[in-house]
Structures are given as structure tokens and as C-alpha cells.
1. Report the trypsin sites (Lys or Arg not before Pro) located in the stretch 152-225 that are in a DSSP loop and have at most 14 other Cβ atoms inside 10 Å of their Cβ, or state none.
2. Between Ala3 and Ala153, how high is the FRET efficiency from 1/(1 + (r/R0)^6) when r is the Cβ-Cβ distance and R₀ = 25 Å? Nearest 0.05.
3. Can you tell me the mean projection area, over all orientations, of the convex hull of the chain's alpha carbons? Units nm², please.
4. When you count, for each residue, the other Cβ atoms within 10 Å and take the mean per peptide, how do 80-87, 63-70 rank with the highest first?
5. How much of the accessible area of the stretch 153-201, probe 1.4 Å, is carbon plus sulfur, in whole percent?
6. With every atom except the alpha carbons ignored, what do you get for Rg and Dmax of the stretch 25-168, in angstroms?
7. Out of the GluC sites (Glu not before Pro) in the stretch 162-247, which ones are loop residues according to DSSP with at most 14 other C-beta atoms within 10 Å?
8. Measuring from label point to label point, each 7 Å out along Cα→Cβ, what is the His144 to Arg113 span in nm?
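The values are calculated or read from the model by the stated rules, or taken from the named source; none is laboratory data. These numbers were taken from a predicted model, which means no experiment stands behind them. So basically every Cβ, Gly included, is an ideal-geometry build from the backbone, and we count neighbours across all protein chains shown. These area figures cover heavy atoms from the full protein model, side chains too; ligands, DNA and RNA do not enter into them. Shrake-Rupley method; radii C 1.70, N 1.55, O 1.52, S 1.80 Å.
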Amino acid sequence: MLAYQHAYHAGNFADVHKHLTLFAVLQYLLRKSSAITYVDTHAGRGLYPLEAEETQRLREYRQGAAAVWAAREALADDPLLAAWCERLGDVQSGASTLSHYPGSPWWLANDCREQDRLALFELHPGEATHLEAQVLPPQARRQHADGLAGIRALLPPATPRFCALIDPSYERKQEYTDVAATLQAVAAKVRHAIVMIWYPLLPSGRHHDLLTAARRSGLRKLWRSELTLHPPGEATHGMYGSGMLLLNPPWGIDTQLNASLARVASCLGDTASHASQWWVPE
Ligand code: SAM
């Protein structure tokens, strides 16, 4: 049964980590004109009004997008963060406060050109209905279906380039290894695929199932980035950090994101930090 609804967490520090990484990759891909197939395996609603009852329940955006937004003038010397904040500004109803936070379908659709394709999968019936209501370009195809099966069905892609975001809710323990198996299946069919996987850092340490399986798959060019609110030992419950595992990250993205995410961490509190490493096969 699907219970997770992203509206409760919209704009939190994990969204900032995930969408800034996604945005950096998209800006790199746009440098060439050859067509790209984008896949968002777990799309969610697409756009989140922060005044929504669900979002107001936890107000996680305050230690996330709103903190970065409030610091945007001080962050303007970082070209990636400046461009990201400018894009975020496009969906705000007023200039000064953050009223909306865009989800991954919006970030992807915004950079989707005529020659590109975008496949959005969402399995939760209610969330799929919200996604259906979003105004998206005609290249965006929405499917109320399982994203991990859906991405496999799209292989090999009809375009020269392929880029996927895999962002499950990890409601089932099994999802960590399912995601690793999907990564391997995609890489086997599209060697140059860029795949971005989001994972939560929880006291249970379940993300190690994903990371270990990815490492054992023998895939090269895996880069791991983690943004943490506080050190793991200090968390007894709840998500203390956000992880991104990237297959075939574009050249230079690691340096760029290391610089920008250190600045993001400085907006999130005294104990927040960012670390990254190339994930070498075992
Ligand atoms: N990617 C979104 C973003 O960045 O804005 C957030 C996605 S949220 C973390 C995960 C979403 O995946 C939820 O909306 C959930 O309903 C959906 N979901 C769960 N299992 C799924 C599956 N097997 N296939 C597709 N969607 C699924």
C-alpha cells in the first residue's frame, strides 16, 4: 500500500539537494543539441503550494528551500546557486517570500526542448491525479504506473542521450535493492546513461543495501554526495541526511556541486555539512 505523500516534505533540505543536483546535470546536458530521453521514475505531484495543509503540518521547507531562498543574495556569487534560485523565483507568486516549491517533473519539464522526451511515472492514484493536472510541455508523458518497471520498458531509448532520476519513497525495505538492480539493468542497456538516485540517511542505515549492491555491480563512474543536517550518531529517529548516487555524472559536476552544496549546508544550521566521494567498485 502506498501511503507516502511528498506534499508533507516539499521543499525540505533533501529536495534542495536532489533538485540542485538535477539542475546542475540538466544545465550541462543542454550544452549540446542532441536529443535526450528523460525519465522520472517517481514523479510526485509536480508543484507544491507551501500553504497547503499537508506542507504546513511539518513545514520542512523552512530548513530547506526557504533557508536557501532567504540567503539568495549572499549566495549570488555561486553561479549554480544563483541560476537555481532564479529558476525557483519563476514559480513564486510574490518576490519576497517563497510560496511554491517545484518538484522534479517541473525541473525536468522546464529544460525539456522540442527534440527531447520526458517520461513521468507516478503510482499513487491521488498523486497521479495531481500530476495530471499540471501544465507541462507536450513532450512530457505521464503514466500512472510503476516507475522501476516503466524505465526498463523504455530501453533502449530512441534518443542519443538518456538521463533518469530515481527517487522512491522507500516505504518497503526491498526498494533499496530493487533500485540497485534497476541501475544495473539501465547501465547494461545504455552504457552512457546518466542516472541519479536519491536515498535517505536514516539511523537504520538501510541505504547501505543500495550502496553495497551498486558497488558490487562493478559499475564505474559512480559518485556519491551526502548532505547531512547533523552527524549520524546524533540522530535517534528520522532522516538526518540526504544522499544522491550518480552514475556517469557529467564532467566537472562533482567540483561544482561540492562548492554549491557546502554553501547550501551553511544555510541549514551549524551542524549541517556536505561530503562526497567517488564510489569505487569492490
Ligand atoms: N521525485 C519527486 C520530486 O522530486 O518532486 C518526489 C517523489 S516522492 C519522494 C516519491 C513518489 O513516488 C511518491 O509520489 C509516491 O507516490 C511515488 N511512488 C511510490 N512507489 C512508486 C512506484 N513503484 N512507481 C512510481 N511511483 C511510485
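1. Numbers: sites: Arg152, Arg161, Arg172, Lys173, Lys189, Arg191, Arg206, Arg215, Arg216, Arg220, Lys221, Arg224; in loops: Arg172, Lys173, Arg191, Arg206, Arg220, Lys221.
Hits after loop and neighbour filter: Arg172, Lys173, Arg191, Arg220, Lys221.
2. 0.45
3. Numbers: hull surface 55.3 nm².
Spelled out: convex hull of the Cα atoms, projected over all directions, averaged, 13.8 nm².
4. 63-70, 80-87
5. It is 52 percent, rounded to a whole number.
6. Cα radius of gyration and Dmax of the stretch 25-168 are 16.0, 45 Å respectively.
7. Glu171
8. According to this spin-label approximation, the distance is 3.4 nm.
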